[in-house]
Amino acid sequence: MLSFRSAQTKNAAIQNSKEQLQRDWLRNYESLKEENAYWIDAIEGEIPAALHGTLLRNGPALYDINGQRIMHPFDADGMVSSFAIANGRAFFRNRYVRTEGFVAEQQAGKVLYRGAFGTQKPGGWFNNVFDLRLKNLANTSVVYWGNRLLALWEAGEPHRLEPNTLETIGLDPLDGILCPGNEFSAHPRIDFHDGTPRMVTFGVKTGFTSQSVVTIYEFDEQWHVIHRHAYGLPGVMFMHDMAITPNHCIIVQNPIDYNPVPYLLGIRAAAQCLVARPDRPSLMVVIPRTGEGPMYTFETHSTFIYHHANAFEQGDEVVLDSLGYDSLPLNGSGPDFRDTDVMDFPAARLWRTRLNLKTGQASTQLLESRNCELPSYHPAREGQPYRYLYLSVAAQAQQDSPLQAILKLDLHTGSQQIWSAAPRGFVSEAVFVPRPGSEQLPPLDETKLDESTSAEDDGWLLVLVYDAARHRSSLAILDARNLVQGPVAWLHLRHHIPPTFHGTFVPEWFGPASA
Ligand code: CO
């Protein structure tokens, strides 16, 4: 009897902690409507004296318009945050991107656009039928390249922002390179390998039932186009990220189909008409960066990929590390993302795929089975063999729950370090910032592993953490060599920030002039 009662108590405790986790996770998705600018005065620990520059992050932050719910984070308006850090101090600012749709909806006080992922205009199907306009949300990432700060959203042109104030300058067609409505990815890759930095990125025009077209762009730091080439692939294309090596781009066609009828009729959102096809292989296509030379197409194990970690060349092989879901993880049990079960969360695993350009063979290996996403590593290792990978992960290895911890993986020895913000903290992407002097690295040499990688983890991880106990967010600064000791500094904000997707750290100070 006693043991029965203790089992009952234990079950009740587990149930309570599940409900707590569900409430905590959901509360982070409350809108942040205020725009702020202030010196952060609540700092625990010490900001490293050598850390100098600005962390910029972007993410959806408006989860209701005058009380009408936005049904999926991918449908919510983008807000950019900045942390300007110098001399042990930090200045915070957040501001919505003034897209055409954001301004119109704020003026109207109601939803005027259908969201691609679940939000419909009020008034039922009759009010949504054949309305195929897209609202550029500018909500996915931010990049600073060639003296332009751009808020990125993959299905349209970037928005240019003024970096010190985060004011919106407007849509940026990149000196006429983009035409109105041209797709421009939120996942540019910056290649530093030969001392001449290049930005390699892409745009996908999905054909739904016909052919899709992927355009690959390569820019120098003056925004001159070095390479630009386009490829047609049959059927619907949902590609969020692309990997690069010095010689190749690697694009992936996820196994999905599309039935546009419910979308056209105003019954369902566009992305709700995607159909997972886990019975079909994924396609991985290796394309020459220059656009000249052979293309290689591989059929690999069926998986759905949003993000790649890194890729590199090794002998005849292109090696690609990706975060793969069992299948399309878009739709929860119902139309509202809030119904997602935090104990049965869409989970990605880290996979390594080897694509042999000589034999045409592909092989896949599971590197990490814990739910993991949002990869980060030393920027000098882009497209290169690398040793250390940082991931946002679930707090428990066996539990597919939200991202609450940061994992450091040594890809050569298999050793791991973890820092967890659980039970009530939730983590964003960890941005790796090299310590000044460690920005450049020698190539990884497996025969001299420690010597050639000694500086690869010499730096910090900047992680935005939501603390549900206080309903506030904080920036945690972790020493990338020693995650286990916990943050060396906490910069506590006066409010929460809804979960952000991606960001960047730049050495420039984008804070008040009087720093
Ligand atoms: Co992304």
Out of the residues in the range 113-166 that are modelled with pLDDT under 95 and not in a loop (DSSP other than H, G, I, E, B), state the one that is farthest from the ligand (Cβ to nearest atom). Phe126
So in the range 253-282, with the set limited to residues that are in contact with a Ser or Thr (Cβ under 6 Å, 6 or more places away or on another chain) and not in a loop (DSSP other than H, G, I, E, B), which one is modelled with the highest pLDDT? Ser282
Tell me whether the range 46-64 contains one or more residues that are in contact (Cβ under 8 Å) with a residue 24 or more places away in the chain, closer than 21 Å to Ala269 by Cβ and of a type in the set (Val, Ile, Thr). no
Extreme residue, nearest to Tyr38 (Cα to Cα), among residues of the range 167-189 that are away from the ligand (no atom under 16 Å from the Cβ) and not in a loop (DSSP other than H, G, I, E, B): Thr168
Any chance you could count how many residues in the range 382-402 are part of a loop (DSSP other than H, G, I, E, B) and either within 30 Å of Pro442 (Cα to Cα) or charged (D, E, K, R) (or both)? 7
Return only the number of the condition from (1) charged (D, E, K, R); (2) under 27 Å from Pro442 (Cβ atoms); (3) assigned to a loop (DSSP other than H, G, I, E, B) that Lys358 does not satisfy. (2)
Considering the range 382-401 alone, what residues qualify as being of a type in the set (D, E, K, R) and under 20 Å from Ala186 (Cα atoms)? Glu382
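So that you can scan it fast, the table gives a plain yes or no per residue for (1) free of Cβ contacts under 8 Å to residues at least 24 places away in the same chain; (2) assigned to a loop (DSSP other than H, G, I, E, B):
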{"residue": "Gly437", "(1), (2)": "yes, yes"}
{"residue": "Pro442", "(1), (2)": "yes, yes"}
{"residue": "Ala469", "(1), (2)": "no, yes"}
{"residue": "His495", "(1), (2)": "no, yes"}
{"residue": "Phe505", "(1), (2)": "no, no"}
Of all residues in the range 404-442 being aromatic (Phe, Trp, Tyr) and within 19 Å of the chain's Cα centre (by Cα), which is nearest to His471 (Cα to Cα)? Phe426
For the range 106-164, name all the residues that are buried (at least 18 other Cβ atoms within 10 Å of the Cβ) and among the aliphatic types (A, V, I, L, M). Val111, Ala116, Leu137, Ala138, Val142, Val143, Leu149, Leu150, Ala151, Leu152, Ala155, Leu161
Does the range 14-37 contain any residue that is aromatic (Phe, Trp, Tyr), touching a residue at least 12 places away in the same chain (Cβ under 8 Å) and in a helix (DSSP H, G or I)? yes
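The values are calculated or read from the model by the stated rules, or taken from the named source; none is laboratory data. Everything numeric in this text was worked out from a predicted model, so none of it was measured. Quick reminder, even Gly has a Cβ in these numbers, built from the backbone with ideal geometry, and neighbours come from all protein chains shown.
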